[in-house]
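Below is one structure, written out as C-alpha cells; the observations come after it.
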Amino acid sequence: MGRFMNTRTLPLLATVVVFVLIYAVCAAQYPAMLGLRVMGNLLTDNAFLGILAVGMTVVVVAGGIDLSVGAVMGLTTVALARLIEGAGLPPALAFALVLALGGLFGTGVGAAIHYLKAPAFIVTLTAMFLARGCALLISTDSIPIHNAAYDTLAAAALTLPGGGRLTLVAGIMLLTFLAGGILLHGTRFGARVFALGGNGHFAQLMGINTGRTTILVHAFCSLMAALAGIVFSLYTRSGYALTGTGVELDAIAAVVIGGTLLTGGVGGVAGSFIGVLIQGLILTWITFDGTLSSWWTKIAIGALLFLFIAVQRLILVASARYGRSGAGPAAPNTPNQATSAPASRPSSGAAAPSAS
Amino acid sequence: MAVTPPPVVLAARGLTRQYPGVRALDGVDLTLRAGEIHALLGENGAGKSTLINLLTGAQPRDGGTITVDGVAIDPDGPGGAVKAGIAAVYQEITLLPNLSVAQNLYLGREPTRWGLVHRSRMNREGGALLRRFGLAIDASRPLSDFSTAVQQLIAIARAVDLSAKVLILDEPTASLDTAEVQTLFTLLRVLRDQGLAIVFVTHFLDQVYALTDRITVLRNGRLVGERRTADLPRLDLVAMMLGKTPTAESHLSRRPAAAIPAGAPLVRAEGLGRRRLVGAFDAALHAGAVLGAAGLLGSGRTETALLLFGVETADQGQLLVDGKAVTLRSPRDAIRLGFGFCPEDRKLDGIVAGLSIRENIVLALQAKRGWWRRLSTAQQHELADRYIKLLDIRTPDAEKPIQLLSGGNQQKALLARWLATEPRLLILDEPTRGIDVGAHAEIVRLLEDLRDRGMALYVISSEIEEVAAYSDRVLVMRDRAPAGLLEGDSITPAAIVNAIAADHHTQGAA
C-alpha cells in the first residue's frame, strides 16, 4: 500500500483516473468513440504533440523548461520542405540533417543555460524567437511537399481490427515514448536527470556533472522537437513557418497533467502519454458534439491543468503532514537492527570499505 | 594501548584561508591517524567549517598542504576529494529525497547490464551494503520515506563505500535523539576499528568524551592544540576552546569591584524562560553596569538575549522595566522601550550588505521614528559622520557599501546603528566574533566607554578573558539553563570556566 500511494505515483494515478472518467463519459455519449478507428486517429492526430511531450518531460524532470520546442518544430517543417522541394534532397538525408540541426540547437540552448547561469525560461524564450525568425526567413508561405517517397511514408499504416489504422507517425510516437521511458527510467543518464531535478546543488556534491546533464537534456528535447517537425510534415505533407505556434504550452500541459512536477525531480513519460491522450480525447469529443467551438478544448485543458496543479499541491501538503507517520514503520526497526551491527560487522567487514 | 602510533592517513599543514576583512583560517595543522575518531572543536567562527571546506575541496585554500597517505592532494571539488579518499557527511543531509535509497547510494556508478541500469542488482547490493551498516531496510524505497537518522546512516554508508580513508562528520548528532546517537556511535566505533580516520565535529562535550580518541581545538581561525581525549580534562578542554591562553587581550585588567550602582535595576528578568528554548533565568540590568553572559555554543546564552529583545516570546516568568511588568511580543516593543540588540551573526542578522555605511547606521533610528518621519539626508550624513568619527570606523567615506569593510569595522557600524537610537539597554551577542584579534581590545574599550556613560549593557561572549574583564556580574549558562551567577571579585576567567565545565550528569544528546 505505502509503496504505491506516495507523492510519486499518486499524481499519475489521478491522471489515469481522470482519463478513464473522460473516456467513459465519451463512450457513453458516443459509442463510436470506443472503436479502434477513433483511437487510431487520436494517436495519428496527436503524434507530434506526444513526441514533443517526451522531450519536455525529460527537461521538466531535470527541473527546467523549454519554450522553444514549437518554434523548432515549425523551423523543421519549413526547412524540410525547402530541402526536399527546393534543393531536391532525398527525404532520408533531409531527415538526418534536420535532426542533427535540432540536436545542435538544443546543445547551444543547454550550454547557454549552464554557462551563463541564466534561467531556462529566458534562454528558451530567446531560442523560441530565434527559431521562429529563422523559419519565417526561409519562407513565409506554406510550401507543399510533392515527393513519392513522402507520400508512401505518410500513407504507411498497419490496419487494426475494426477498420482502424495505426499510421507510421503514430507508430513513431509510440516508439518515442518507449525510448523516452527507457532513457529516463532505465539508464544512468536518466538517474542523473532525476538527481539534477531533485536538487542540483546536492547532485553536484554527490559528484554529478550537472552542466553536462543540463546540456544533454536540452539537446534531447530539441532533437525531439525536430522529430516532431518531421512527423508533422509527414502528416500535412507541407512545411510552414508558423506551424506549432503555442504547442510548447500544450506539451507542458500534457507533462503537468501527467503528474510530472514542474519543480523537477518527480515524474515520467507514461503520465505525459496519458496527458496527450486526454487532450486529444477532449478535442475528439468536441468534434463529435459538432456544436461546440473547438476553443472549448483550451478551456477544458485550462480547467484540468488547474485541477492537477491543485491536486499535486494537496498531495505535497498532505505528505508533508503525514509523511512522518509514513516513515514510522521504517524507523523503529533500525535501532534494533543496529544493535546487531557490531556482531555482524567485523566478519563482513573485510568486504566493506576497501580503499582505493 | 598500542605501542607504535597508528599510521598517519591525512596530514594538513599550515592551511590558510583569507576572506575579505578576516583571516578565517590561519596556518592550521590537522593530523588524522588510521583507526581514530578525531574531534574537531571550537566555538562559532573558530574555523571548523572553513577547515572542512578546504579538506573537501568545496573552497580553494590560500596556503598550506594536504597529504593523504603521504601523497599531496589538491582537491578542486567534492569529486576530487572523494577520489583522494576524503568524504564528508553534513548535518543537513545532502542526499536526494526524490530518488530511491539505492539510487542515492550508487548515483553516477550504478551497476549496468546491456547499457541499462541493473535495478534489481542495485537494490540487492544497496540492501546488503546497508545491512553492513546496521540498517535492514528496503533499498528500493524512496529516501524520503525514512527518518533523518536513517538518512544520515545512508549518507555515511554512501560516503564510506565511495572513499574509505577519511570520513568527516559535521554536527552529525544535532538532529538525532539519544537512541539514534547511540546507534550512530556504535557504527562509528565499528568503522574506526576497521581503520577509518573519522573527523567528528560537535558542540556536545559529553559526546566528545564518549566517542573520540583525539581532539583538535581551533579558535579564531588558529590552531589551539591537539590532545589525546583521555589526557585532557574537561576543564582544560573548555579553557582551550574559550581561549585562556594569553594572547592579544591579556592586557585586559579587571576594573575595581563594587561598581554596581545602587538603586533598582533598569531591567529585571525574573524566571524568564520559554519551553524548548531556554530554562527560567534571572537577570538584573543596571544603568552603568555590564552583565556578562558566558557559556559554550548551544548553552542557551544567545537564547536569553532573544527573550530580552522580544525576538522570541517568553512563556514563563516576567520582565520588569523601570519596575513595571512588560510583555515583549516583537523586537519593535523592545526598541520602543529603548533596547538595542547587536546579534551574533553579523552577516545574517545584522548588516544589510548592499547598503552603504550611512544607510546601515541610520536604519534602527529610522525604524524607531517610523517611516513617515523620515530623517533628512543632511541629518543622515551628520549622524553617520559623527559615529564614524566617534567609533573610529575606518572607511574613506560613509557611502561605501558596508560589505567592503573589515569585520571589526562592520561591528562598529552595527554598534553605531544602535547607539544612534540612544538606547538605555544595549544587548551584544559576541561583539568580538569574527574580528581580527587585534581589533578585540578596541571593541572592549568601546563597551567600557558606553558603560561609563551610564548605559546598561548585556554582553554575551565566548571570550572568557574579555567577559571577566568588563563584567560587573556574569551569568553562566549550561545546557540551556542558568548554571550560576558570579559577582564582584569572584569573577575570574578560571571561575567562569569552572562554572561552565562543572561536572553534571551526562545528558547524552538533545
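The values are calculated or read from the model by the stated rules, or taken from the named source; none is laboratory data. Predicted model, so just to flag it, every value in this text is computed and none were measured. In this analysis, Cβ positions are derived from the backbone assuming ideal geometry, glycine residues included, and neighbour counts consider all displayed protein chains. Please note that ligands, DNA and RNA were not included when accessible areas were found on the heavy atoms of the full protein model with its side chains. Shrake-Rupley method; radii C 1.70, N 1.55, O 1.52, S 1.80 Å.
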Quiz item: Failed condition for B:SER147, given (1) open to solvent by less than 10 Å² (accessible area, probe 1.4 Å); (2) within 9 Å of chain A (Cβ to nearest Cβ); (3) at pLDDT below 85, with all others met?
Solution: (1)
Exercise. Examine the range A:202-214 for a residue that is surrounded by 21 or more Cβ atoms within 10 Å (Cβ to Cβ) and among the small types (Gly, Ala, Ser), and state whether such a residue exists.
Key: yes
Quiz item: Within the range B:280-299, can you find the residues that are under 27 Å from B:ALA46 (Cα atoms) and surrounded by fewer than 23 Cβ atoms within 10 Å (Cβ to Cβ)?
Solution: B:LEU296, B:LEU297, B:GLY298
Practice problem: For the range B:312-347, name all the residues that are assigned to a strand (DSSP E or B) and touching a Gly at 6+ places or on another chain (Cβ under 6 Å). | Solution: B:GLN316, B:GLY317
Practice problem: Taking B:ARG124 as the residue in question, decide whether it is within 9 Å of chain A (Cβ to nearest Cβ), surrounded by fewer than 23 Cβ atoms within 10 Å (Cβ to Cβ), in a helix (DSSP H, G or I) and basic (Lys, Arg). | Solution: no
Quiz item: Can you tell me which residues in the range A:274-285 are within 12 Å of the chain's Cα centre (by Cα) and either surrounded by fewer than 23 Cβ atoms within 10 Å (Cβ to Cβ) or basic (Lys, Arg) (or both)?
Solution: A:ILE274
Quiz item: How about the range B:165-219: which of its residues are open to solvent by less than 10 Å² (accessible area, probe 1.4 Å), out of contact with any strand residue (DSSP E or B) (no Cβ under 6 Å at 6 or more places or on another chain) and away from every other protein chain (no Cβ under 14 Å)?
Solution: B:PRO172, B:THR173, B:THR202, B:GLN207, B:LEU218
Practice problem: Could you grab me the full set of residues in the range A:81-106 that are among the hydrophobic types (A, V, I, L, M, F, W, C) and not in a helix (DSSP H, G or I)? | Solution: A:ALA87, A:LEU89
Quiz item: From the set of residues in the range A:107-125 that are closer than 20 Å to A:GLY246 by Cβ and free of Cβ contacts under 8 Å to residues at least 24 places away in the same chain, which is most open to solvent (accessible area, probe 1.4 Å)?
Solution: A:ILE122
Quiz prompt | the range A:287-303 - residue that is hydroxyl-bearing (Ser, Thr, Tyr) and either within 12 Å of A:ILE22 (Cβ to Cβ) or outside any loop (DSSP other than H, G, I, E, B) (or both) and, of those, modelled with the highest pLDDT | solution = A:THR287
Quiz item: In the range B:101-111, what count of residues is obtained for those that are open to solvent by 10 Å² or more (accessible area, probe 1.4 Å) and more than 7 Å from chain A (Cβ to nearest Cβ)?
Solution: 3
Quiz item: Out of the range B:73-86, which residues are in contact with a strand residue (DSSP E or B) (Cβ under 6 Å, 6 or more places away or on another chain) and away from chain A (no Cβ under 14 Å)?
Solution: B:ILE73
